[in-house]
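Q: One structure, as structure tokens, below. Some questions next.
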Amino acid sequence: FSFSLAQSLQHDLSLGLQLYQLGQYAQALPLFQKATQEDPQNYEAFYLLGQDELALGLLTAAKSTFTVALRLNPTFPSTYVALAQVDAALYRSGGDPLKGELDQALLILHQGEQVAPHYAPLYLWEGVILSLQNHPHQALQVLQHSLKLTPTAAAASAIGDVELRLGNLEAATAAYRQATQLDPKDPHLQVRLGTLLLLGGHLHQAIAELNQAIVLSPGDAEAWARLGDAYYALKNWKQAGLCYAQTVALSPLDYPDAYYHLGRIELLLHHPHKARFDLTKAVVLDPHNPDYRYWLGQADQALGDLAGAKAQYQEALKLDPHYLPAQQALS
């Protein structure tokens, strides 16, 4: 009986883990639940169940499950990290009223550091929590310690995020460059690095990184949008237009700035009908942006629709009474 039970347990955990790794969290859930019922003393079963519940957003259940896993094996450092992740997720879902969740996360991480003082993810998450608590300098120290213990892209990118919050664009860029070197196959890191290079005015370097992101993930609309920004800054209207067109094809509702820039380019190339079409989409997606209103007015004016242009300029001034281009256009 015990042999059959062990076989059944191993089968459930193995199949559940395969489903989890494929992102099929709902299908994995009953298998992990069954495993914890088959062997209530198996901390691995509870740990995997907690990870699956966390992935499904079942935060209260995940916290309870990880607490059981920790009780069964207090020497497994990943469980301390997992509990901190749950607390961070609870904070993010609830906002300021749940700031106590961050204090709990720090407490559990410090306990984990006593158990496994050289386990880098503990310090990585301590840095993340400290950053959420608006202690960026303390967060940097802890994140750098994590990176020193075990160089990972997660630690390097977390350092980059904190440096950017502190206004240190060059340091943030350097951190993300290190992150891409540690994990060269992650397109999101490439996009982030390209965006930071773009902010720093390093347009050709930004284009190289963003092109690499697109090679890794051709369907990444964010990469196409930021690549369009780089070409736009270089006044390469043709390439910029192609990139923005690809952005809105991949994600029609998420990038009003892409429609806006497409409209600007179409005005420059003397295609006012196309410009009005795309600028109207930008305004629909973000009706509170005075730039979008003003340039839709410019498209209307180019088409001879002076009443439409006047209405857009007036809307721009409602949004920003000091918006000089609209004032000049009306006068």
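Q: Please enumerate the residues belonging to the stretch 145-180 that are under 24 Å from Q104 (Cβ atoms) and open to solvent by 20 Å² or more (accessible area, probe 1.4 Å).
A: Result: H145, L149, A154, D161, R165.
Q: Could you say which residue among Y47, Y91, Y25 is aromatic (F, W, Y) and at pLDDT below 95?
A: Y91
Q: Something else: Against the condition of a type in the set (V, I, T) and open to solvent by 30 Å² or more (accessible area, probe 1.4 Å), how does T79 come out, does it pass?
A: In short, no.
Q: Follow-up question, since we're still on this one. With the requirement that a residue be of a type in the set (S, T, N, Q) and open to solvent by less than 60 Å² (accessible area, probe 1.4 Å), what does the stretch 11-29 give you?
A: Once the filter is applied, which keeps residues that are of a type in the set (S, T, N, Q) and open to solvent by less than 60 Å² (accessible area, probe 1.4 Å), the stretch 11-29 yields only S14.
Q: Could I ask something else about it? May I ask you to verify whether L262 is in contact with a His (Cβ under 8 Å, 6 or more places away or on another chain) and not polar (S, T, N, Q)?
A: The answer is no for L262.
The values are calculated or read from the model by the stated rules, or taken from the named source; none is laboratory data. Bear in mind that the values here come from a model prediction, so they are computed numbers and not experimental data. Quick reminder, even Gly has a Cβ in these numbers, built from the backbone with ideal geometry, and neighbours come from all protein chains shown. Accessible surface areas use protein heavy atoms only, side chains included; no ligands, DNA or RNA. Shrake-Rupley method; radii C 1.70, N 1.55, O 1.52, S 1.80 Å.
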